[in-house]
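Input: a single structure, listed below in structure tokens.
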């Protein structure tokens, strides 16, 4: 049996956790009166996908969920085992947008149908002709991708995702699209495109052009023959990108060549967009099937000299979580048939972590310390190896994913460095899932688990005021304390103090945040949602250094943010 987490299995330790559960995850129609009932519903629904021993698998899934040890994505918690016509996948990348009015509004309709069932959406707008270009068929002048993004914005504001969940979208644009400057400046006006996250597809050629201060050619379409070309200095475009990132936190960067080169399916698909938070680069109609291990639930004897992470328990949980997420793909509804075809052909899942910063604090390790970064890498390596072993075993039992191509798959850059026994199992049986690992922001489910630090992010603040929306969309303000800090205060009897290893996010150097990301990315076959938090007084030169380091470290993307712009209020702790 799993060991008890410090959290109460049958009740919530915080008001915000109870509120999140009751408004977003509790299925009122079935009379759920406790989080235990929610876990039982989810476990039973996912075990129903098993060809045999459904009761046994329901018990194993429930054991993983109890104590908030494994946190499935919010759509899974909210929808599994209910009659609601919703998808259990959090997000999708949508199909290519055809450069015509019928094509544009067909893509808009597909996005609306997807968001109506609870899924966020990501789009590559690079296929749309730039502002001012002649639309020959109609004899009109094109208004450009950014203007059409406003149409998606209006749709998203109108169609709310399930419950109080705010609609989320990602828009990407190639760094050589003629409207890239308009795209970079799209959020310079307050209130514009607030439902969108923006990311620029940055190529290796562009990074070299910036380093060499070379000319940069903007062209449309991306492949010859180009109907429009113009030149500018690469560093001029780079400076505009740095300025916007510093001032508005957007757009972020997607290192699109690396994303495609390291893709396990690089032989059969091309990626140009991600889900709204960036941790899952996806082909057209690909979807996110996500879950996170709550690392705080695996810490034993927290804040003592004997504090340790229970690696044995983590290893035991990994194959159960892989099977759980794999089963999601068999029971979920899909808004579009293309999404069902894509998901079931490749069976992508995304196992990640949350509560990392809190777990490190409970182990007496400052987030940015070399030992903390090394331990994070070790944890992710264990999850990675366990997940690939489990997926190969599942392939032996249930068959590999239908798009499995053994000769090409075994050459994938991520699979080649895996231990020999894993590669031998893959060669013998294949893989059940084309991809297995992604570190999501896990924001809402981390609140559900007692306000643990979210995803791979550092602790934002020991105490804060959080505003959340109730079931009717009305804001409600609550005072919250970080989970690990609250635990330390209870154990130490110092209600206003801070643990010795505590580091708020703004005190962690960007270089240390990048090092943490690099340690995790090494063992993550997809990507990571984490923002590099800037210190007060940050400059464009600092942002440039962060982006260049991120590219050099092998990351798949990078976004920066000024904490002073956060929609949260920090409460300064009293002296210990």
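Taking the conditions exactly as written (closer than 25 Å to residue 446 by Cβ and either surrounded by fewer than 22 Cβ atoms within 10 Å (Cβ to Cβ) or more than 24 Å from the chain's Cα centre (by Cα) (or both)), does residue 66 satisfy them or not? Working first, answer last.
Numbers: closer than 25 Å to residue 446 by Cβ: yes; either surrounded by fewer than 22 Cβ atoms within 10 Å (Cβ to Cβ) or more than 24 Å from the chain's Cα centre (by Cα) (or both): no.
Criteria not met by residue 66.
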Looking at residue 81 and the list (1) at positive phi; (2) touching a strand residue (DSSP E or B) at 6+ places or on another chain (Cβ under 8 Å), which single condition is not satisfied? (2)
Filtering the range 507-522 down to residues that are within 9 Å of residue 553 (Cα to Cα) and surrounded by fewer than 19 Cβ atoms within 10 Å (Cβ to Cβ) yields 518
Just name the residue that is farthest from residue 185 (Cα to Cα) out of those in the range 222-231 that are over 34 Å from the mean Cα position of the chain (by Cα) and in contact (Cβ under 8 Å) with a residue 12 or more places away in the chain. 227
The range 483-567: helices (runs of 4 or more DSSP H) wholly inside it with 3 or more residues that are under 24 Å from the mean Cα position of the chain (by Cα), touching a residue at least 60 places away in the same chain (Cβ under 8 Å) and under 23 Å from residue 441 (Cα atoms) are 510-521, 540-552
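Give the residue, chosen from 417, 413, that is free of Cβ contacts under 8 Å to residues at least 12 places away in the same chain, at negative phi, in a loop (DSSP other than H, G, I, E, B) and out of contact with any strand residue (DSSP E or B) (no Cβ under 9 Å at 6 or more places or on another chain). Break it down stepwise before answering.
Working: 413 fails: free of Cβ contacts under 8 Å to residues at least 12 places away in the same chain.
Going through 417, 413 in turn, just one is free of Cβ contacts under 8 Å to residues at least 12 places away in the same chain, at negative phi, in a loop (DSSP other than H, G, I, E, B) and out of contact with any strand residue (DSSP E or B) (no Cβ under 9 Å at 6 or more places or on another chain): 417.
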State all residues of the range 425-438 that are more than 28 Å from residue 90 (Cβ to Cβ) and surrounded by 12 or more Cβ atoms within 10 Å (Cβ to Cβ); if no residue qualifies, say none. 425, 427, 429
Where the second residue is assigned to a loop (DSSP other than H, G, I, E, B) and the first is without any contact (Cβ under 8 Å) to a residue 24 or more places away in the chain and lies in the range 427-446, which pairs have Cβ atoms under 8 Å and are six or more apart or on separate chains? 427/410; 443/454; 443/455
Report the residue count in the range 195-220 for those that are over 16 Å from residue 241 (Cα atoms), in contact with a helix residue (DSSP H, G or I) (Cβ under 9 Å, 6 or more places away or on another chain) and buried (at least 17 other Cβ atoms within 10 Å of the Cβ). 3
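The numbers here are math on the coordinates, done by the rules we state, and not lab data. Nothing here was measured: the structure is a model prediction, and the numbers come from that model. Every residue, glycine as well, gets a Cβ built from its backbone with ideal geometry; the counts of neighbours run over all protein chains shown.
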